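The values are calculated or read from the model by the stated rules, or taken from the named source; none is laboratory data. Being a predicted model, the structure only gives us computed values, none of them experimental. For accessibility, only protein heavy atoms count, side chains too; no ligands or nucleic acids. Shrake-Rupley method; radii C 1.70, N 1.55, O 1.52, S 1.80 Å.
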Amino acid sequence: MSDTPVKQQNTAAFYGQAVASFAVAMAATVIGIYQLEADVWVRAFLAIAVLYLVTSAFTLAKVIRDRQDADTAARAYSPFEKR
């Protein structure tokens with residue numbers, strides 16, 4: 001018997017919660033940097049650092065997802081498996 005893996009989909013509520021959480025975190029960070037009593041160059045440096053961190057996190061998440069997808073695809077096919 002063959003157990004084919006089923007790709008699970010996230011619910012709309014989970015997706016909405018993730019987007020809302022990201023938006024709140026980014027908004028709070030932007031407001032915090034804007035309200036910071038520091039020179040403009042310090043606030044600009046912090047803003048660039050936050051943008052770099054966010055893009056790096058997205059890239060890392062994509063790389064991890066792609067590796068997991070590749071591992072799943074490699075395990076799904078076996079030329080010696082009886083069907």
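Any idea which of (1) open to solvent by 60 Å² or more (accessible area, probe 1.4 Å); (2) modelled with pLDDT of 95 or more; (3) in a loop (DSSP other than H, G, I, E, B) is the one Ala38 doesn't satisfy?
So Ala38 meets the others, but not (1).
Just one of Ala44, Ala13 is open to solvent by less than 60 Å² (accessible area, probe 1.4 Å) and in a helix (DSSP H, G or I); which is it?
Selected residue: Ala44, the only one of Ala44, Ala13 that is open to solvent by less than 60 Å² (accessible area, probe 1.4 Å) and in a helix (DSSP H, G or I).
What do you reckon, is Val30 among the hydrophobic types (A, V, I, L, M, F, W, C) and under 14 Å from the mean Cα position of the chain (by Cα)?
Against the criterion (among the hydrophobic types (A, V, I, L, M, F, W, C) and under 14 Å from the mean Cα position of the chain (by Cα)), Val30 does not qualify.
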